[in-house]
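Visitor: Take this structure, written in structure tokens, and hold onto it; I'll ask about it next.
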Amino acid sequence: MTGLRCTECAAEHEANQLQTVCRECSMPLVATYDLQAVSRAVTRDDLRHRDSTLWRFREMLPLDTDLDPVTLGEGGTPLLELPTLGRNLGLHRLLGKNEALNPTASFKDRGMTAAVSMARALGASSLAAPSAGNAGGALAAYGARAGLPVHIAMPVDVPSANQLEAQMCGANVTLIDGTIADCGRWIGERAKSEGWFDVSTLKEPYRVEGKKTMGYELAEQLGWTLPDVILYPTGGGTGLVGMAKAFEEMRELGWLDRSARLPRMVAVQATGCAPVVDGFLAGSDRGVVPEAPHTCASGLRVPGPIGDRWMLRTIRETGGTAIAIDDDTLLEATRQLARDEGIFAAPEAGALVAACRQLLKSGELRADEQVVLFLTGSGLKYSECFEA
Ligand SMILES: Cc1ncc(COP(=O)(O)O)c(C=O)c1O
Ligand SMILES: [Zn+2]
């Protein structure tokens, strides 16, 4: 890693100290690498001899290679063909990356292994974050593993399994009558006065580095090619922007064909909270904050994501789109995925199935395109949502 650059004003920041957002414009920072040095140090073939965790992409991750990461064995999740679901939807080449196989059963572990490893290496003494659900459990787990105290603020109505998991891992959990935005303000104020390091989505630069490994793994599992379309359940959006970053990096590294087209990135949200979809449809470069954000897909209840410009740029640059699904439809689609393929996924991921159906109908997706669904978490933590 060579440093950190602001995603909006390009101001450069030092990477050898704890950093949050840009000191000039308060927008997210992103890690830069010496890609020529990396391509000299490691080849695609070298990866074959490494273990399956996401740390196999070590040279393209921020932690110094002589330091041990805080790891629970995250990444290396299966990319599965979904033939029955594909047939029922009318898609010939449908795949799902099952992120429920991560240590705390969601893709949030990828971000947290990177963020917590870096925070510990750079001297943080305690960690904090607001969470719409799965991120809280993941932070608590990696904080415990690192031996660092963790403070989490969650909306009162997040699934009880998320709260329990965070508490079991020893985190201080505060429940707030509001959304993740209210939790974020609560954490932000206390982080300043108490000296907690705030690892909120895109308010520190390394969760996105961990999440981008979904893009590296996908390319590797597809024999160093990319699919036509990726559907991603979008809250804060780290995976969406992270994967696009990974694809650009791999083109520069020569791991992907330099002329390889990037997949069309599709952001899927819930109609009760669809700031990115509404911003996209309005032709705006900003999200549109909903008045009363609500959805049972708790990870999608992010009304004012700080990465809205970055996400909208990524969607447009890749020729993608954004689509919102209502709660009844996404729950039924989650059921269809479970019934057809035996994958009981989080409702956020189920929304992708409904999105496929609608995009096929509108002609934005063609039957012969290779489509990858990011099945971001397990349905087992959402019993209240499914039982209701
Ligand atoms: C299962 C699941 N899917 C998707 C999301 C949204 O992820 P992101 O904030 O990276 O957009 C979350 C966030 O909590 C989640 O828990
Ligand atoms: Zn800036």
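Visitor: Just one of 374, 344 is open to solvent by 40 Å² or more (accessible area, probe 1.4 Å), within 24 Å of residue 96 (Cα to Cα), aromatic (Phe, Trp, Tyr) and modelled with pLDDT of 95 or more; which is it? Steps first, answer last, please.
Guide: Working: 374 fails: open to solvent by 40 Å² or more (accessible area, probe 1.4 Å).
After ruling out the rest, the residue left standing is 344.
Visitor: Between a residue in region 187-211 that is farther than 11 Å from residue 130 by Cβ and any residue that is among the hydroxyl-bearing types (Ser, Thr, Tyr) and in a loop (DSSP other than H, G, I, E, B), which pairs come within a Cβ distance under 6 Å, given they are 6 or more apart or on different chains?
Guide: 196/126; 204/20
Visitor: Please determine whether any residue of region 69-79 is assigned to a helix (DSSP H, G or I), of a type in the set (A, V, I, L, M) and modelled with pLDDT of 95 or more.
Guide: Within region 69-79, the first condition is being assigned to a helix (DSSP H, G or I), and the residues that meet it are none.
The answer is no; no qualifying residue exists.
Visitor: Looking at region 121-154, which of its residues are closer than 17 Å to residue 106 by Cβ and assigned to a strand (DSSP E or B)? I'd like the intermediate steps shown before the answer.
Guide: Step one: of region 121-154, the residues closer than 17 Å to residue 106 by Cβ are 129-145, 150, 152, 154.
The answer is 129, 130, 150, 152, 154.
Visitor: Select from region 131-140 the residues that are open to solvent by 10 Å² or more (accessible area, probe 1.4 Å) and touching a Pro at 6+ places or on another chain (Cβ under 8 Å) and list them in ascending order.
Guide: 132
Visitor: Identify, from the list 110, 120, the residue that is among the charged types (D, E, K, R), under 22 Å from the mean Cα position of the chain (by Cα) and more than 21 Å from residue 376 (Cβ to Cβ).
Guide: Working: 110 fails: more than 21 Å from residue 376 (Cβ to Cβ).
None of the other options fit; the residue is 120.
Listed here are the residues, each with its yes/no results for (1) closer than 20 Å to residue 210 by Cα; (2) assigned to a loop (DSSP other than H, G, I, E, B).
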{"position": "9", "(1), (2)": "no, yes"}
{"position": "21", "(1), (2)": "yes, yes"}
{"position": "25", "(1), (2)": "no, yes"}
{"position": "55", "(1), (2)": "yes, no"}
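Visitor: Of (1) of a type in the set (A, V, I, L, M); (2) touching a Phe, Trp or Tyr at 6+ places or on another chain (Cβ under 8 Å); (3) within 15 Å of ligand 2 (Cβ to nearest atom), residue 30 satisfies all except one. Which?
Guide: Every listed condition holds for residue 30 apart from (2).
Visitor: Another question, if that's okay. So, in region 201-221, how many residues would count as being in a loop (DSSP other than H, G, I, E, B) and either among the basic types (Lys, Arg) or at pLDDT below 95 (or both)? Steps first, please.
Guide: Going through region 201-221, the residues in a loop (DSSP other than H, G, I, E, B) turn out to be 201-206, 212.
Applying the additional criterion that residues be either among the basic types (Lys, Arg) or at pLDDT below 95 (or both) yields 201-203, 212.
Here the count works out to 4.
Visitor: Check whether at least one residue in region 50-58 is among the small types (Gly, Ala, Ser), open to solvent by 40 Å² or more (accessible area, probe 1.4 Å) and either more than 21 Å from the chain's Cα centre (by Cα) or closer than 20 Å to residue 122 by Cβ (or both), and report yes or no. Walk me through it before giving the result.
Guide: Applying the first criterion (among the small types (Gly, Ala, Ser)) to region 50-58 yields 52.
From what is left, the residues that are open to solvent by 40 Å² or more (accessible area, probe 1.4 Å) are 52.
So of that shortlist, the ones also either more than 21 Å from the chain's Cα centre (by Cα) or closer than 20 Å to residue 122 by Cβ (or both) come out as none.
No, every residue in region 50-58 fails to be among the small types (Gly, Ala, Ser), open to solvent by 40 Å² or more (accessible area, probe 1.4 Å) and either more than 21 Å from the chain's Cα centre (by Cα) or closer than 20 Å to residue 122 by Cβ (or both).
Visitor: Something else about it: How many residues are assigned to a loop (DSSP other than H, G, I, E, B) and more than 12 Å from residue 371 (Cβ to Cβ) when one looks only at region 82-103?
Guide: Going residue by residue through region 82-103, those that are assigned to a loop (DSSP other than H, G, I, E, B) are 82, 90-92, 102-103.
Subsequent filtering for residues that are more than 12 Å from residue 371 (Cβ to Cβ) retains 102-103.
Residues meeting the conditions: 2.
Visitor: A follow-up question, please. Let me spell it out: the conditions are (1) buried (at least 18 other Cβ atoms within 10 Å of the Cβ); (2) in contact (Cβ under 8 Å) with a residue 40 or more places away in the chain, and residue 222 meets all of them except one. Which number is the exception?
Guide: (1)
Visitor: Another question about this same structure. Only residues in region 5-27 that are within 16 Å of ligand 1 (Cβ to nearest atom) count as the first member; pair them with residues that are modelled with pLDDT of 95 or more and part of a loop (DSSP other than H, G, I, E, B), Cβ under 9 angstrom, at least 6 apart or cross-chain, and list the lot.
Guide: Once the first residue is within 16 Å of ligand 1 (Cβ to nearest atom) and sits in region 5-27, its partners that are modelled with pLDDT of 95 or more and part of a loop (DSSP other than H, G, I, E, B) give 7/22; 7/27; 7/28; 7/307.
Visitor: Looking at region 245-273, which of its residues are away from ligand 1 (no atom under 13 Å from the Cβ), buried (at least 24 other Cβ atoms within 10 Å of the Cβ) and of a type in the set (Gly, Ala, Ser)?
Guide: Listed by number, the list holds a single entry, 246.
Visitor: Sticking with this structure for a sec: Which number in (1) within 16 Å of ligand 2 (Cβ to nearest atom); (2) at pLDDT below 95; (3) more than 19 Å from residue 63 (Cα to Cα) marks the one condition that residue 241 misses?
Guide: Status for residue 241: all satisfied but (2).
Visitor: Also: From the list 144, 135, exactly one residue is modelled with pLDDT of 95 or more, of a type outside the set (Ser, Thr, Tyr) and touching a Cys at 6+ places or on another chain (Cβ under 7 Å). Which is it?
Guide: Values: 135 fails: touching a Cys at 6+ places or on another chain (Cβ under 7 Å).
Result: 144 is the single residue among 144, 135 that is modelled with pLDDT of 95 or more, of a type outside the set (Ser, Thr, Tyr) and touching a Cys at 6+ places or on another chain (Cβ under 7 Å).
Visitor: Also: Residues being outside any helix (DSSP H, G or I) and either within 24 Å of residue 115 (Cα to Cα) or near ligand 1 (Cβ under 10 Å from one of its atoms) (or both): count how many of those fall in region 229-244.
Guide: Taking region 229-244 and keeping what is outside any helix (DSSP H, G or I), we get 229-237.
Pick out the ones that are also either within 24 Å of residue 115 (Cα to Cα) or near ligand 1 (Cβ under 10 Å from one of its atoms) (or both) and you get 232-237.
Residues meeting the conditions: 6.
The values are calculated or read from the model by the stated rules, or taken from the named source; none is laboratory data. Keep in mind that this is a model prediction, so the values were computed, not measured. Virtual Cβ from ideal backbone geometry, glycine too; neighbours counted across all protein chains shown. Surface areas here come from the heavy atoms of the whole protein model, side chains and all, with no ligands, DNA or RNA. Shrake-Rupley method; radii C 1.70, N 1.55, O 1.52, S 1.80 Å.
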